[in-house]
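Reviewing the structure listed below.
The values are calculated or read from the model by the stated rules, or taken from the named source; none is laboratory data. Note that the structure is predicted; figures quoted are calculated from it, not measured. Cβ sites come from the backbone with ideal geometry, for glycine too, and all protein chains shown count toward neighbours.
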Amino acid sequence: MKRIFKSSVSIILTLILAFSVVIIPSAEETTIVDGKCTCGEEPEIYVAALGSATLYKDADTPDEKVLFRPETGAYVELIAKLIGPLFLVLMTKDYDAFADKLIPAVDGIFGDLANDEEGNSTPDVTTKEELPTDPAHGLTGNYYFGYDFRADPLVVADDLSAYIDHVLELTGHEKVRLRASSMGGVMTMAYLYKYGEAKVKSVIFQCCPLQGTAVAGDLFNGRIQITEESVYRYAETALPSLLEGFTETFVMGLVNVVYKSGFLGTVLNMVQPILDNCAPRVFDELLIPVFKSNCGIWSFVPDEYYESAKAYMLGENPNEVLLQRIDEYHYNVQQKAGDILNDVLDNGVPVMILAGTNIQRTPLVPTWTNDSDGTVDTKYASVGGTIAPLYETLGEGYVQAVDCGHNHISPDNRIDASTCLLPENTWFVTPMLHSTTHDGHGELYRWFFENDDEGVNVWSNPDYPQFLENDIDGQKLLPQK
Ligand SMILES: [Zn+2]
Ligand SMILES: [Zn+2]
């Protein structure tokens, strides 16, 4: 009950944690002659996910505090503060009294994340990101670009540009390879929009919300929905990617007992009135003030939710500077992703878009039936793929929407990739939990980078066709049959 309750109240926390996956491989040796590197391999920059840079309040002062991600102690303290009020509200049904405890407790952890009205960080909240100094690079090593996830992507694009210039100078190369994960894709798109692809050899987008994610769209419209089925399916589809061996067997067995015995339903029925009664205040007093000027999270709102989200989050007199910033990303970058990336391709820079499928999306919102990688809907990560709802197919006799002379329908008849804006450059991995990778993904990316002198796409290698099966235990990506 604690777990479900906790995730139902700190909604944004779930969203944020789901976006936070970080991988840091090692680097190889290199050779520089007259300032130019002769190794033949352009350095790779990993444009990391949300949470890539630690955020501090009052950095380098005696009051320094880690704001994001909060330390474990902060969560323990939060649970300790709320466990008593939670039991009390179940008995008294005094929801206002509970909200009076809940809102300040959560605000104590996340309140300082609020940007100023124009969408800039307040001066007391900073990162400690530094430019790299090690010139060693190669196909198995990379540079790590972290950023403040609350910032305007078009400002982060300037930082990424400076970082790229620095890496080029450091390594003696003229181009970099970019590998973006999750929110890193937002920043990479903002960079390509602003600076073009002249300094880019090739680019990979892994599980990126290139056209947003429905969970952000729903939450920024004040919509929450938790159902028994979505919570169960989240456990059923997401946990096997996180657990293994006996633990997996044990936990999955427990999940089934909890669901099939009706216990989960009973718990949710108890929690539902708390959610219904407290949600309006939690939005008004906590989530809207903390997140309304978070330009980074705005970049996650898909088009069909966007204008209503602005009305809900910003009210009748929105800050004009903030509005202009979020609109520029939304209309000129997110909504032009296909045009931007097709230009990149036309200029000879290979692109790989990789979308995960077959995982229940965050079980918090009405759009929980969208197929996804658990965090980003497959249709948005794949920039326009036609995807059947989770556990369903496109139907017998389904005909490919766009006839380009290829088959773009997945062998399991769940995906039609012909509607993707880059149908020849978009791969799908089934099942794949958000940015959760293993050696098999590493091999795929390595193959892509090793062959990026040619125009690699979904037809280049029979081992890596458009639709891949994720062998999680074997750590391999295999052609889907
Ligand atoms: Zn080199
Ligand atoms: Zn085609």
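With the checklist (1) surrounded by 24 or more Cβ atoms within 10 Å (Cβ to Cβ); (2) closer than 18 Å to D152 by Cβ in hand, flag the one item T171 doesn't pass. The number of the failed condition is (2). Criterion applied to Y144, Y195, Y232, Y191 was being in contact with a strand residue (DSSP E or B) (Cβ under 7 Å, 6 or more places away or on another chain) and either within 16 Å of A53 (Cβ to Cβ) or hydroxyl-bearing (S, T, Y) (or both), and the one residue passing it is Y144.
Looking across L354, L390, L364, L394, one residue alone is of a type in the set (A, V, I, L, M, F, W, C) and over 21 Å from the mean Cα position of the chain (by Cα). It is L394. Could we say that I45 is surrounded by fewer than 19 Cβ atoms within 10 Å (Cβ to Cβ), within 16 Å of ligand 1 (Cβ to nearest atom) and of a type in the set (A, V, I, L, M, F, W, C) here? So I45 does not fit the description; no.
Pairing each residue of the range 396-420 that is without any contact (Cβ under 8 Å) to a residue 40 or more places away in the chain and of a type in the set (A, V, I, L, M, F, W, C) with any residue that is in a loop (DSSP other than H, G, I, E, B) and away from ligand 1 (no atom under 16 Å from the Cβ), provided the two are 6+ apart or on different chains, yields C-beta distances under 6 Å for I409/Q400.
Of note, E229 does not satisfy the criterion of being in contact (Cβ under 8 Å) with a residue 12 or more places away in the chain and either surrounded by fewer than 24 Cβ atoms within 10 Å (Cβ to Cβ) or aliphatic (A, V, I, L, M) (or both). Among the numbered conditions (1) assigned to a loop (DSSP other than H, G, I, E, B); (2) of a type outside the set (A, V, I, L, M); (3) in contact with an Asp or Glu (Cβ under 7 Å, 6 or more places away or on another chain), the only one that C208 does not meet is (3). Scan the range 132-142 and tell me whether some residue there is part of a loop (DSSP other than H, G, I, E, B), modelled with pLDDT of 95 or more, on the phi < 0 side of the Ramachandran plot and charged (D, E, K, R). Checking the range 132-142: not a single residue is part of a loop (DSSP other than H, G, I, E, B), modelled with pLDDT of 95 or more, on the phi < 0 side of the Ramachandran plot and charged (D, E, K, R). For the range 408-435, what are the residues that are charged (D, E, K, R) and surrounded by 20 or more Cβ atoms within 10 Å (Cβ to Cβ)? Listed by number, the residues that qualify are R414, D416. The lone criterion from (1) hydrophobic (A, V, I, L, M, F, W, C); (2) touching a Leu at 6+ places or on another chain (Cβ under 9 Å); (3) part of a helix (DSSP H, G or I) left unmet by I226 is number (3). Scanning the range 232-266 for residues that are crowded, with 19+ Cβ neighbours inside 10 Å and either among the hydroxyl-bearing types (S, T, Y) or under 24 Å from the mean Cα position of the chain (by Cα) (or both) yields Y232, R233, Y234, A235, T237, A238, S241. Within the range 446-453, is there a residue that is in a loop (DSSP other than H, G, I, E, B), among the acidic types (D, E), more than 16 Å from ligand 1 (Cβ to nearest atom) and over 21 Å from P209 (Cβ atoms)? Scanning the range 446-453 turns up no residue that is in a loop (DSSP other than H, G, I, E, B), among the acidic types (D, E), more than 16 Å from ligand 1 (Cβ to nearest atom) and over 21 Å from P209 (Cβ atoms). Only a single criterion out of (1) of a type outside the set (A, V, I, L, M); (2) over 30 Å from G73 (Cβ atoms); (3) out of contact with any strand residue (DSSP E or B) (no Cβ under 8 Å at 6 or more places or on another chain) is not satisfied by S121, namely (2).
Name the residue that is nearest to ligand 1 (Cβ to nearest atom), counting only residues in the range 400-426 that are outside any loop (DSSP other than H, G, I, E, B) and under 16 Å from L468 (Cβ atoms). So, considering only residues that are outside any loop (DSSP other than H, G, I, E, B) and under 16 Å from L468 (Cβ atoms), the one nearest to ligand 1 (Cβ to nearest atom) is N425.
The helices (runs of 4 or more DSSP H) found entirely in the range 292-389 that carry 1 or more residues being crowded, with 24+ Cβ neighbours inside 10 Å and either without any contact (Cβ under 8 Å) to a residue 24 or more places away in the chain or of a type in the set (F, W, Y) (or both) are 295-298, 378-381. Among the numbered conditions (1) out of contact with any Phe, Trp or Tyr (no Cβ under 6 Å at 6 or more places or on another chain); (2) more than 16 Å from ligand 2 (Cβ to nearest atom), the only one that W427 does not meet is (2). The set of residues from the range 456-481 being surrounded by 14 or more Cβ atoms within 10 Å (Cβ to Cβ) and in a loop (DSSP other than H, G, I, E, B) comprises V456, N457, V458, S460, N461, Y464, P465, Q466, I472, Q475, Q480. Among the residues of the range 82-93, just one is surrounded by fewer than 16 Cβ atoms within 10 Å (Cβ to Cβ) and either under 11 Å from C278 (Cβ atoms) or basic (K, R) (or both), namely K93.
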